[in-house]
Amino acid sequence: MKYGYRRIQGELEREGWKVKHKKVLRLMQVMGFRSIIRRKRKSNPQGDGLVPRGAKNLLQRDFTAEAPDQKWVTDITQYAVGDTWLYLSAIKDLCTKDKSIQSIVFIHLLNFNYFASRKCVALF
């Protein structure tokens, strides 16, 4: 069975049945129904060794710049896609006062293809 007792009880309520969750749980146990529990993914805090884990604190908490292209900040997020990983990086120039992203980069490390977009995307 794909669903747990909470989801089954919610579906029954939506269909007009008044049933407590403990009753649904008990009936599922008697009938031998068990929900499928998804495995949790293991995180790898050490990385794969290709890229150093930390960077030096070059900004020293000074997040302002007088001219464009002096200070950039970024955040990298990884997504599991099939049996490989896709990396997303949003890059911001600290010279601009608005809350916009200057560049978005998608990297697929299986065959080192990447897609970069120089369009500004508003955050808010």
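Observations on the model:
- Using 0.36 nm per residue and subtracting the Cα-Cα separation, the extra length available between ALA67 and ASP98 on full extension is 9.7 nm.
- With each label modelled as a point 7 angstrom along the Cα→C-beta vector, the LYS2-LEU88 pair spans 2.5 nm.
Rule-based calculations on the coordinates, nothing more; no lab input. Note that the structure is a prediction, hence the values are computed from the model and not measured. Here Cβ is always computed from backbone atoms with ideal geometry, including for glycine, and neighbour counts include all displayed protein chains.
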